[in-house]
Amino acid sequence: MVVGAGAGGCVAAACLFDAGYEVHLFEAGEASAANTSTHLAVSTSRTDLLDPGVFASTYTGGPRYPYLRGRARGGTTAINALVQMSGTKDDWDSWSTVHGCAGWNWRSVSAAIASLDFPSHFASPAQTGPLTGAVLAAARGMGAGECRHVGETYDGAGPVALSLRRGRRADVFSVFITPRVLQDAARMVVHAGRMVAEIAVEADRARGVVVDDEEFVADGVVLAAGTVWSPILLRRSGVSRAGIGRNLKDHPAISLWLRLRDGVGATADTLDVTGLVVASSLDDSDINLLPVEPDQLVVAVTKVSSVGHVAEVDGNAEVVLGTIETHDDATRMLAALRLAADLCATKEFGDVVESVSIDASGTPLDALLAHDDDTIISYVRRVPGAYSHAVGTCRMGVERDSEAVVDNTGAVFGVDDLWVADASVFPDIPRAATQLPVMAVAGRIASGVAERLR
Ligand SMILES: Cc1cc2nc3c(=O)[nH]c(=O)nc-3n(C[C@H](O)[C@H](O)[C@H](O)COP(=O)(O)OP(=O)(O)OC[C@H]3O[C@@H](n4cnc5c(N)ncnc54)[C@H](O)[C@@H]3O)c2cc1C
């Protein structure tokens with residue numbers, strides 16, 4: 001049984017099906033992303049694809065707002081921004097060298113990403129908007145090298161691949177599950193619109209899942225309900241590792257609003273994202289500037305030391321983000337914002353963009369940067385995240401580390417026949433958007449599950 005049909009769950013279910021098992025995939029959402037717009041703003045306004053029960057605030061308090069998650073066939077890949085990145089070699093090598101997760105490194109994970117064979121598309125010249133050319137020219141003038149963001153992440157500026165197939169959103173459910181249901185519906189059984197209440201655990205062994213007071217019995221359970229819900233389901237099921245729900249990391253970010261000059265505009269076909277990956281004074285590749293056509297510039301920090309947590313309160317998931325709690329994260333965010341301001345001040349950018357604001361009421365970026373560092377950071381902390389890649393709440397590690405929840409095979413410490421295969425197992429956040437990384441991790445975990453159950 002697989003719980004959750006998102007990036008991790010769909011890959012895990014497909015892998016177990018291919019290994020010959022009968023797979024039951026439970027998904028709380030009913031809706032499908034098929035025919036969903038490729039544009040983030042449109043897909044995230046489709047409330048039938050969104051999870052209404054997840055909220056976030058930062059550790060300093062402040063506003064509580066809906067924390068975007070997909071609840072649909074395809075999970076968050078039904079609503080996400082389609083950007084494909086893999087992370088740096090260091091990100092992955094640190095799984096074994098820092099966190100003791102034997103077998104996890106850039107070589108094993110990049111091979112797993114390649115073996116996914118997931119649809120990937122670079123915008124054609126006809127789909128490329130005016131912002132892209134301006135940003136690339138400006139970035140070259142500022143000394144950024146050239147790169148296509150495919151494979152290992154490193155510093156440079158260039159186009160980003162998107163999860164598109166024949167011009168439409170390629171969500172994980174359509175790519176991995178639909179064809180297998182068509183192949184053998186008796187062996188790939190989808191229970192959509194079925195919310196798993198808990199994992200049935202007896203004598204330290206997972207026996208199946210409980211849905212609407214009904215128990216479904218299984219040889220093994222793979223939990224893939226995502227960073228927010230997987231830890232909550234483990235707690236509800238009586239699992240008691242100290243790290244459950246803790247160690248949540250997300251990329252702090254702010255989205256800038258661009259007002260284009262008269263006559264400069266995207267066409268209906270425009271569909272491209274450019275990536276400008278830059279090093280701060282602290283680390284390589286820890287700043288992402290992502291111009292998203294037609295009129296957004298996402299400014300994000302991708303190496304993160306601040307942590308948050310998640311817990312269930314009155315049936316909702318309440319996320320408390322550690323956004324820019326540490327001095328290092330503040331240093332990176334300030335560097336990212338000043339770099340964005342430098343980019344926006346170039347002639348190439350100015351030829352296309354008339355003004356750059358931090359909010360809908362048109363407050364200029366320069367006005368924010370005129371404040372002292374503390375004021376700037378406390379402003380950014382209050383803005384709902386624009387680069388949502390939460391990981392870490394059931395993190396992988398060694399058994400003597402009480403913060404670790406699963407071992408290097410994804411198996412939950414202390415409970416047999418129960419694995420976690422989603423973003424929650426990441427011991428640290430990669431310097432990348434997380435869909436491809438989550439899929440690769442889930443594929444590797446599910447291959448091990450297939451062997452173990454034999
Ligand atoms: C707004 C936004 C934009 C993003 N853009 C990008 C991007 O452009 N590129 C990128 O690489 N990444 C992006 N991401 C991140 C990426 O989509 C996630 O990292 C990835 O989908 C996480 O996979 P997952 O399997 O852990 O969880 P999810 O994909 O969220 O899947 C979890 C699934 O479990 C289901 N579930 C939860 N609880 C239960 C239950 N009790 N019973 C049954 N089912 C349950 C949920 O409904 C959901 O379908 C974005 C994320 C957000 C929020």
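None of the figures in this text is laboratory data; all of them are computed from the coordinates on show. No experiment lies behind these values; they were computed from the predicted model shown. Methodologically, a virtual Cβ is constructed for each residue, glycine included, from the backbone with ideal geometry; neighbour enumeration extends over all protein chains shown.
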Task: Modelled FRET efficiency - R0 51 Å, Ala114 with Ser378, Cβ distances, 0.05 increments - done: 0.75
Open item on the list: Please rank Cys344, Cys10, Cys15, fewest neighbouring Cβ atoms within 10 Å first, as an exposure proxy.
Closed with: Cys344, Cys15, Cys10
Open item on the list: Quick query: amide H of Glu198 versus all other amide H atoms, modeled in the peptide plane; which residues come in under 5 Å with a sequence gap of 5 or more or a different chain?
Closed with: Val210
TODO: Report ³J(HN,Hα) in whole Hz for each residue of segment 57-62, in order, from the Karplus equation J = 6.51 cos²θ - 1.76 cosθ + 1.60 where θ = phi - 60°; Gly and Pro get x.
DONE: 8, 9, 5, 8, x, x
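If you restrict to DSSP beta bridges whose two residues both lie in the chain, what percentage is antiparallel, to the nearest 5?
The antiparallel fraction comes to roughly 70 percent.
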Task: Alpha carbon centroid spacing (whole Å) that separates segment 81-137 from segment 154-223 - done: 22
Task: Neighbourhood net charge (13 Å Cβ-Cβ; Lys/Arg +1, Asp/Glu -1) for Arg400 - done: -3
Task: Once the Cα gyration tensor of the chain is diagonalised, semi-axes √(5λ) in Å - done: 36, 23, 20
- [ ] Kindly list the residues of segment 189-206 that lie in the label zone of Asp219, defined by a backbone N under 17 Å from the point 7 Å along the Cα-to-C-beta vector.
- [x] 189, 206
Open item on the list: Given points 7 Å out from each Cα along the Cα-Cβ axis, report the Ala34 to Ser240 separation in nanometres with one decimal.
Closed with: 4.6
Open item on the list: Angle check, please: helix 327-344 long axis (alpha carbons) against the longest principal axis of the chain (alpha carbons), in degrees 0 to 90, nearest 10.
Closed with: 50
Task: Dipole of the chain, positive end: most advanced residue of Leu343, His251, Asn316 [Cβ charges, Cα centre] - done: Leu343
- [ ] Excluding Arg180 itself, calculate the net charge of residues whose Cβ lies under 12 Å from the Cβ of Arg180, where each Lys or Arg counts +1 and each Asp or Glu counts -1.
- [x] -2
TODO: Sequence neighbours fewer than 8 away in the same chain don't count; with that in mind, list the lysines whose C-alpha is under 27 Å from Lys303.
DONE: Lys89, Lys249
Open item on the list: Defining a contact as two alpha carbons under 8 Å apart and six or more residues distant in sequence, what relative contact order in percent does the chain show?
Closed with: 23
Open item on the list: Spelling out what I want: for every residue of segment 12-29, take phi, set θ = phi - 60°, compute 6.51 cos²θ - 1.76 cosθ + 1.60 (Karplus), and round to whole Hz; glycine and proline get x.
Closed with: 4, 4, 5, 5, 5, 4, 5, 7, x, 7, 7, 10, 10, 10, 9, 9, 5, x
